[in-house]
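Single-structure report; data block below.
The values are calculated or read from the model by the stated rules, or taken from the named source; none is laboratory data. All of these numbers come straight from a predicted model, not from anything done at the bench. Glycine also receives a Cβ, built like all others from the backbone with ideal geometry; neighbour counts cover every protein chain displayed.
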């Protein structure tokens with residue numbers, strides 16, 4: 001509904017984006033029921049192949065993908081674009097769950113924590129080369145989240161913090177391109193360049209503030225319809241939603257997502273085996289991170305990183321994979337249900 005509403009003021013190609021999103025939704029729902037009906041333990045057997053394929057796709061998009069707005073992130077198949085980084089998130093969750101089930105107790109030793117890091121180092125590096133800081137950050141967040149529920153001693157997080165500070169310093173100097181550095185600078189002081197690097201954050205805050213309790217109404221958002229708000233169907237669709245549907249509409253979106261995440265937490269702690277626990281936990285942290293970062297950057301609380309809002313932002317690859325992952329969590333729930341005998 002929001003993709004349709006925010007596309008009315010655009011060109012014909014933009015006004016038809018909701019049709020593509022509807023097609024992706026149908027594929028995603030079909031995949032949800034498919035993954036929910038089979039035993040998730042199958043993923044443990046095929047995890048290595050899935051990870052290898054995802055890495056090869058990330059390499060292929062760097063070599064053969066079209067350059068769109070300075071980035072090589074998508075394969076263009078005419079009717080739809082495909083983003084390999086979304087499949088990489090899927091593969092990473094599976095591989096981390098498999099690794100921690102096998103090595104969980106050994107994470108008491110820091111070298112095994114570093115061993116798990118190798119599973120994000122390769123895909124995250126390839127994604128940074130696209131460049132796509134947002135998706136690379138989600139990979140790191142999934143890894144840290146799954147480690148949080150592992151037997152790893154909490155002092156290891158201090159070691160990881162030191163490593164993070166060192167790597168961040170190196171990345172700032174050698175890996176982050178100029179527009180990514182500008183996004184961080186604009187977060188620290190968006191008013192320093194209101195018509196340049198701080199423009200996106202300022203327009204998003206204005207859109208959210210102008211919505212009021214009930215919103216301006218569908219297709220009546222001034223920031224969205226007059227195109228003051230950039231990326232209004234992807235990165236800033238939450239701001240578009242609040243502007244048109246108000247605090248009530250935006251609150252309803254967040255309430256539904258929080259309910260879904262709460263159900264996932266229950267499934268994490270009710271799983272009968274460690275692989276299911278880590279698998280559901282990885283999917284929880286994937287969705288939680290994307291929601292927290294997207295809403296945070298829309299509110300001006302976090303830097304703009306290009307992370308989409310699950311279930312709401314335009315993007316067929318993201319929507320399909322998110323629904324598949326929800327289906328896998330449902331599979332964990334179904335196979336963790338106690339068997340009752342009458």
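Identify all residues within segment 291-318 that are touching a helix residue (DSSP H, G or I) at 6+ places or on another chain (Cβ under 7 Å), assigned to a helix (DSSP H, G or I) and surrounded by 24 or more Cβ atoms within 10 Å (Cβ to Cβ); write none if there are none.
Within segment 291-318, 294, 298, 318 qualify.
Take the residues of segment 65-118 that are part of a loop (DSSP other than H, G, I, E, B) and under 19 Å from the mean Cα position of the chain (by Cα): which is surrounded by the most Cβ atoms within 10 Å (Cβ to Cβ)?
So the first thing to find is which residues in segment 65-118 are part of a loop (DSSP other than H, G, I, E, B), and the list is 65-67, 69-70, 72-74, 77-80, 83, 109.
Those still in the list that are under 19 Å from the mean Cα position of the chain (by Cα) too: 72-74, 83.
Working: 72: 17, 73: 25, 74: 20, 83: 22.
Filtering first and then ranking leaves 73.
Residues in segment 121-135 that are without any contact (Cβ under 8 Å) to a residue 40 or more places away in the chain and either under 15 Å from the mean Cα position of the chain (by Cα) or farther than 26 Å from residue 292 by Cβ (or both): how many? I'd like the intermediate steps shown before the answer.
Applying the first criterion (without any contact (Cβ under 8 Å) to a residue 40 or more places away in the chain) to segment 121-135 yields 121, 124-125.
Those left that are additionally either under 15 Å from the mean Cα position of the chain (by Cα) or farther than 26 Å from residue 292 by Cβ (or both): 124.
Looking only at that region, the number is 1.
Are any of the residues in segment 132-147 buried (at least 19 other Cβ atoms within 10 Å of the Cβ) and in contact with a strand residue (DSSP E or B) (Cβ under 8 Å, 6 or more places away or on another chain)?
There is at least one residue in segment 132-147 that is buried (at least 19 other Cβ atoms within 10 Å of the Cβ) and in contact with a strand residue (DSSP E or B) (Cβ under 8 Å, 6 or more places away or on another chain).
What are the residues in segment 208-241 that are buried (at least 20 other Cβ atoms within 10 Å of the Cβ), within 23 Å of the chain's Cα centre (by Cα) and free of Cβ contacts under 8 Å to residues at least 40 places away in the same chain, if any?
Matches in segment 208-241: 229 only.
Determine whether residue 51 is more than 15 Å from residue 93 (Cβ to Cβ) and surrounded by 13 or more Cβ atoms within 10 Å (Cβ to Cβ). Break it down stepwise before answering.
Numbers: more than 15 Å from residue 93 (Cβ to Cβ): no; surrounded by 13 or more Cβ atoms within 10 Å (Cβ to Cβ): yes.
Taking the combined requirement at face value, the residue does not satisfy it.
Return only the number of the condition from (1) modelled with pLDDT under 90; (2) in a helix (DSSP H, G or I); (3) farther than 30 Å from residue 87 by Cβ that residue 244 does not satisfy.
(1)
For residue 197, indicate whether it is at pLDDT 85 or above, farther than 25 Å from residue 122 by Cα and touching a helix residue (DSSP H, G or I) at 6+ places or on another chain (Cβ under 6 Å). Step through it out loud before you land on a result.
On the way: at pLDDT 85 or above: no; farther than 25 Å from residue 122 by Cα: yes; touching a helix residue (DSSP H, G or I) at 6+ places or on another chain (Cβ under 6 Å): yes.
Answer is no for this residue.
Determine which member of the set 58, 62, 25 is assigned to a helix (DSSP H, G or I), touching a residue at least 24 places away in the same chain (Cβ under 8 Å) and crowded, with 20+ Cβ neighbours inside 10 Å.
Sole residue among the options that is assigned to a helix (DSSP H, G or I), touching a residue at least 24 places away in the same chain (Cβ under 8 Å) and crowded, with 20+ Cβ neighbours inside 10 Å: 58.
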